[in-house]
Ligand SMILES: Nc1ncnc2c1ncn2[C@@H]1O[C@H](COP(=O)(O)OP(=O)(O)O)[C@@H](O)[C@H]1O
Ligand SMILES: [Mg+2]
């Protein structure tokens, strides 16, 4: 095996010289020359101002969006569409309101399984998996509740469990906690880190919140707009086991200041108010 093959074998997701131009957007490619290797069981966060291509990149890795140039592989195979080894969690938890929590978790699995070939041991295994996930997300007590009886944070936990049901190797998360209040988000951060440890998934997590990116990521990939590309990649100088107090420590604060300064610089803004506006601009909106 040559050195190059060795690298490929170690990468879970490999993005090489990726480019994306949307029709009608010739002047500003959504993504330009993006290369990134993501290792098995790594937790990578993508951060950057609105419009820098974070969602587009994630959707291409998910196989929900095509690309214009370059390659994306998962387990060494080119991504040409969605696959069971990759699951996505969006900001707006898309649960079925007419199904209970446990039914929502089993739903994707039920859709995929050829119903006529389903054996009782398949059903048993699926039930066991769903119960284990319910415990993992701490919602065993509300297994039979309906989504509208749950808080936003609880609904997002169910959406995460549903994504995990088919044991994906890669979990792609696009601002999954963006709609939650600050306290609920902290709880969700520790929960997703716990899930990452237990399930051993590779996680690619998109956010415009620098603190969230550092707290969760083993590496933070900073993107910049016009054209959407990688500005820099920062290894996070924190122990693997995170706890909230680390946010007050010097390594965390220094990295946060550094990343915010780079965003400010690349966005061409000078005041913090302008920077906040830029970071918080609607996810789908362009920044022009
Ligand atoms: N479906 C689409 N059609 C045309 N342009 C798009 C589409 N989706 C995104 N874009 C454009 O691509 C760029 C990157 O968008 P996006 O990936 O949503 O950025 P982010 O998630 O970082 O905010 C933006 O300029 C955006 O307007
Ligand atoms: Mg987005």
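The values are calculated or read from the model by the stated rules, or taken from the named source; none is laboratory data. None of the values given here were measured: they were computed from a predicted structure. When we count neighbours, we look across all protein chains shown, and the Cβ atoms used for this are built from the backbone with ideal geometry, even at glycine.
Checking each residue of the range 27-40 against the condition of being outside any strand (DSSP E or B), away from ligand 2 (no atom under 16 Å from the Cβ) and without any contact (Cβ under 8 Å) to a residue 24 or more places away in the chain gives at least one match.
Would a scan of the range 200-211 turn up a residue that is assigned by TED's automatic domain parsing to the domain that holds residue 53, free of Cβ contacts under 8 Å to residues at least 60 places away in the same chain and closer than 30 Å to residue 132 by Cα?
no
Is at least one residue of the range 221-238 farther than 25 Å from residue 20 by Cα, within 16 Å of ligand 1 (Cβ to nearest atom) and in contact (Cβ under 8 Å) with a residue 40 or more places away in the chain? Scanning the range 221-238 turns up no residue that is farther than 25 Å from residue 20 by Cα, within 16 Å of ligand 1 (Cβ to nearest atom) and in contact (Cβ under 8 Å) with a residue 40 or more places away in the chain. In the range 48-71, the residues that are under 18 Å from residue 208 (Cβ atoms) and touching a residue at least 24 places away in the same chain (Cβ under 8 Å) reach residues that are within 8 Å of ligand 2 (Cβ to nearest atom) and in a helix (DSSP H, G or I) with C-beta atoms within less than 7 angstrom, at least six apart or across chains, in these pairs: 48/54. Remark: pairs (first residue in the range 165-177, free of Cβ contacts under 8 Å to residues at least 24 places away in the same chain and outside the structural domain of residue 192 (by TED's automatic domain parsing); second residue buried (at least 22 other Cβ atoms within 10 Å of the Cβ) and in a strand (DSSP E or B); Cβ separation under 6 Å; 6+ apart in sequence or on different chains) are absent.
Anything in the range 153-177 that is part of a helix (DSSP H, G or I) and under 23 Å from residue 243 (Cα atoms)? List them, or say none. Full working, then the answer.
Pass one, the range 153-177, residues part of a helix (DSSP H, G or I): 153-164.
Within the range 153-177, 153, 154, 156, 157, 160, 161 meet the criteria.
Within the range 89-106, residues that are outside the structural domain of residue 145 (by TED's automatic domain parsing) and at positive phi have Cβ atoms under 9 Å from residues that are assigned to a loop (DSSP other than H, G, I, E, B) and modelled with pLDDT of 90 or more in no pair, counting only partners at least 6 apart in sequence or on another chain. Entry remark, the range 41-58: residues being over 19 Å from residue 259 (Cα atoms) and more than 14 Å from ligand 2 (Cβ to nearest atom) number 2 in total.
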